[in-house]
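We did not get these values from a lab; they are worked out from the coordinates using the rules stated. Everything numeric here is computed off the predicted structure, so don't read it as measured data. Note that each Cβ is placed from the backbone with ideal geometry, even for glycine, and that neighbours are counted across all protein chains shown.
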Amino acid sequence: MRSRAATVLSLCLAAAAAAQPRATSPDEFRAFAEGRTLRFAAAEDPARIVGAEQYLPGGRVIWQDAAGRCVRGAWRARGQAACFTYADAPDRELCWRFARDEQGLLATLEGDDAAILRVVGASSRPLSCAPSGAGV
């Protein structure tokens, strides 16, 4: 009986450990994202797309929100976070921590653990932004 309980406990602990997101360093994120366009959704509702971001060489990015508005920006590593600034708010830095779970890549905004996005798509196609878009 004790052996069965120990086995069940071990399986439960292993399942809990597997369910925990594994931190992804900024270098790992760069290797995954550069040259791609990633689509982001709210983690609690993957059907609710919030936008897409194209990751260009040299830490340059283009963010396109769900309404189709595009803005250029840049990102850099700071510790274990990826910190972004955009042309429409150059004095505001948004730092995200990335992690992988069984469903893929998650991004959590530093200072707001409730702001969690999930990567729901990745492609090599560039964003389609109108030339008159803000910051483009």
| task | Give me the distance between the Cα centres of the stretch 110-128 and the stretch 54-88, rounded to whole Å. | result | 11 Å
| field | Net charge contributed by nearby residues that have their C-beta within less than 14 Å of D101 (K/R +1, D/E -1) | value | +2
| task | Amide H neighbours of V120 under 5 Å, at least 5 residues apart or on other chains, H built in the peptide plane: list them. | result | R39, F40, A41
